[in-house]
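Peer 1: Handing you a structure now.
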Amino acid sequence: MNCGLIKKKIVLAFSGSLFQPDDVVNFHIESCADCRAYYLETVRLRDGLNGQPFRVEPGELDDISFEKITSVAADKKRLPDKVDSRFSLIARWVWIPASAAALILLAVFLPGFLRVSETGDTDNGAEWLSYYEILSIEGIQEEVIAALAGSETQIDNMTDELSGCLRPYELLNVLNDDELTALDKAIDKIYGSAG
Amino acid sequence: MNDEVFEKAVREFRERIYLMILKYVRNKEDARDLTQDTFVRAYRSRGSFRGDSSIYTWLFRIAVNLALNFKSRNRLSSHISIEDSPEIYHNENPTEGLEKAELHGRIDMAVGEMPKRQKMIFVLRYYEGLPFAGIAESLGITESAAKANYHHAVVRLREKLGPYLKGEI
């Protein structure tokens, strides 16, 4: 198995709520010192993030009381509510037409941006990004699939297979080792190596 | 919402709001100011609260918006230091304690350097464990945008801290 792909899978596992690399990663890191080091570094990062001491010290929030809040709120009420008349003029002649133009542009172009893949899955309350979704996010799925499939007739089948993979390790069930290596090479060529 | 209900909400939710903001701004003083601002804004607009969402959700959204628009006056100070939490860093091997403190400082810096919205998404997802749909709703973005930003935040964090984790610096 390609080390670049293993490292990507480690980062993907880390981005899920449950940091549990699959069996393939676990098997690989037993025999690959470089990937094991990468995995242990990622574990250290996760432990660092989880161990940060975010907490409230005794008495730290005593100042944030109902009495203080109402008193500050009463002070702020004295601020003028009306906007400056010059701003009103600018708003009327510049911002309002500009906003209207922006809204028209949005109405025209937004539907195109909203054509995104349907994903999202829950597993013990954790959400995962599908491998296909990652590729989609990075805007490289078409190139990767084309490079991997080798011909246009296979692209549709490959897209279906990738779309069905809600977790990175599921990809291993639908692609053989040569295909995974080809996929990884294609990703590295387009996106650069993870490690 | 009457004053009695609001007072109860202050007592009940100020810690949760403060901790969420602290994870975003990574500075205790700023987090306290923003927490107070959150409740002040909420108090001033309590008449518009119709109960469509829970009081906490309403406060949470105000806090998120304030945090996103906040410019720190305390950029140089970290949210936490060895002096702030001696028991966390000193109740173990001194070398390990220092290493942990340094890692936390570097994480603070790396998270602090994320673009604002990406940082907020990372905080809400990683630390607060919010579902992407909830994050998207709170920030007024699509669920896909929330997922994309989160993924980029994780990759970026791993890359930024890579040399340190490898022991190269």
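A short reminder: the numbers here are calculations on the coordinates, not readings from a lab. No experiment lies behind these values; they were computed from the predicted model shown. A quick note on method: Cβ atoms are made from the backbone with ideal geometry, for glycine too, and the neighbour counts reach across all protein chains shown.
Peer 1: Per residue of region A:4-15, in order, report the coupling 6.51 cos²θ - 1.76 cosθ + 1.60 (Karplus, θ = phi - 60°) as ³J(HN,Hα) in whole Hz, putting x for Gly and Pro.
Peer 2: Those phi angles translate into x, 5, 4, 5, 5, 5, 5, 5, 4, 5, 5, 6 Hz.
Peer 1: Counting pairs of alpha carbon atoms under 8 Å apart in space and at least six apart in sequence, what relative contact order in percent does region B:3-68 give?
Peer 2: Working: 41 pairs, mean separation 25.9, N = 66.
This gives 39 percent for region B:3-68.
Peer 1: Taking only the alpha-carbon atoms of region B:3-68, what semi-axes of the equivalent ellipsoid follow from 5 times the gyration tensor eigenvalues under a square root, in whole Å, largest first?
Peer 2: They are 20, 11, 10 Å, listed largest first.
Peer 1: Roughly what % of Cα-Cα distances in chain B sit above 19 Å, to the whole percent?
Peer 2: Roughly 61 percent, once rounded to a whole number.
Peer 1: Once whole DSSP H runs in chain B are found, which of them have Cα atoms spread over 18 Å or more along the helix axis and a mean Kyte-Doolittle score of at least -0.5?
Peer 2: Membrane-span-like by this criterion, though nothing is claimed about a membrane: B:3-25, B:55-68, B:94-112.
Peer 1: Take the alpha carbon gyration tensor of region B:86-166, find the square roots of its eigenvalues, order them as a ≥ b ≥ c, and report rounded if a/c is under 1.5; if not, report prolate when a/b exceeds b/c, else oblate.
Peer 2: In terms of gyration-tensor shape, prolate.
Peer 1: Which of B:Lys8/B:Lys100; B:Lys8/B:Lys147; A:Lys8/B:Lys119; A:Lys7/B:Lys23 have a Cα-Cα distance over 32 Å?
Peer 2: From B:Lys8/B:Lys100; B:Lys8/B:Lys147; A:Lys8/B:Lys119; A:Lys7/B:Lys23, over 32 Å: B:Lys8/B:Lys100; B:Lys8/B:Lys147.
Peer 1: Relative contact order for region B:117-169: what is it in percent, counting Cα pairs under 8 Å that are at least 6 residues apart? Let's see the in-between values first.
Peer 2: Working: 29 pairs, mean separation 17.9, N = 53.
Relative contact order, region B:117-169: 34 percent.
Peer 1: Within chain B, which is the longest segment containing none of the GluC sites (Glu not before Pro) that sit in a DSSP loop and have at most 13 other Cβ atoms within 10 Å? Please report the intermediate quantities before stating the final value.
Peer 2: Values: sites that count: B:Glu83, B:Glu92, B:Glu113, B:Glu168.
The longest such stretch corresponds to B:1-82.
Peer 1: In nm, give the distance between the simple-model label positions of B:Glu159 and B:Glu7, each being 7 Å from the Cα along the Cα-to-Cβ direction.
Peer 2: So the label points at B:Glu159 and B:Glu7 sit 5.3 nm apart.
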